[in-house]
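Here the structure comes first, spelled out in structure tokens, and everything after it is commentary.
Since every read-out is calculated from the coordinates, none of them should be taken as a lab result. Note that this is a predicted model, so its numbers are computed, not measured. Methodologically, a virtual Cβ is constructed for each residue, glycine included, from the backbone with ideal geometry; neighbour enumeration extends over all protein chains shown.
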Amino acid sequence: MYQFSKSFKRFRWVPFMIVVMVMISFIFVSQAKATTYVYDADQYIPFGTFHCWTFNVSDYISAEITIGVTDNDIENEWALLVVNQSWFIFPGAIDTTFSLPNIGNSIDCALISIQGDYYFNEAVLNTIEAAPVPEPATLLLVGTGLFGIGMLKKRRIRLKGVINE
């Protein structure tokens, strides 16, 4: 019985090591990255005309686009924003933000004046990009954990044999 209690004290570090391994795995996992793309237009868009541009972006999880427009006459002014096959209608004299679905690496945009005229200042695209998974670090942590569990099992079997003798 004395050997069992002495060997049991050796295993008090196991919960501590599990916590340390979990903390290390969180350190190796990279975080998602936010990126901002700005398109400076500085263009006057009269009634019935349009302006086109493209954002070339990395893979992203979510995105939102802010259209910056100004005009001195804010009544009865409407604009149409077309983004890859989605479209949004908004008052043409105020800055407006839209959430975009994940639609690929190339975001083609067109701003169309459907009523009134305005100045198109800029378009700002904010994306949250997917973080790459560090595979070697993950496999190393999983392998180390499995090796530790195997060694614990081997030690317990060996201690059972010592206690039974």
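Averaged over residues, the count of other Cβ atoms within 10 Å places the peptides 152-158, 51-57 in the sequence 51-57, 152-158, highest first. Structural descriptor for region 33-129: relative contact order 51 percent, calculated from alpha carbon pairs under 8 angstrom and at least 6 residues apart. Going from the residue with the fewest nearby Cβ atoms within 10 Å to the one with the most, Asp73, Asp42, Asp117, Asp108 rank Asp42, Asp73, Asp108, Asp117.
Rounded to 0.05, the FRET efficiency of the Ser86 and Asn56 pair, given R0 = 25 Å and the Cβ-Cβ distance, is 0.90.
Determine, at each q value in 0.13, 0.24 (inverse angstroms), the log₁₀ of I(q)/I(0) that the Debye formula gives when each Cα of region 33-129 is one equal point scatterer. The Debye formula, applied to the Cα set alone, gives -0.41, -1.23.
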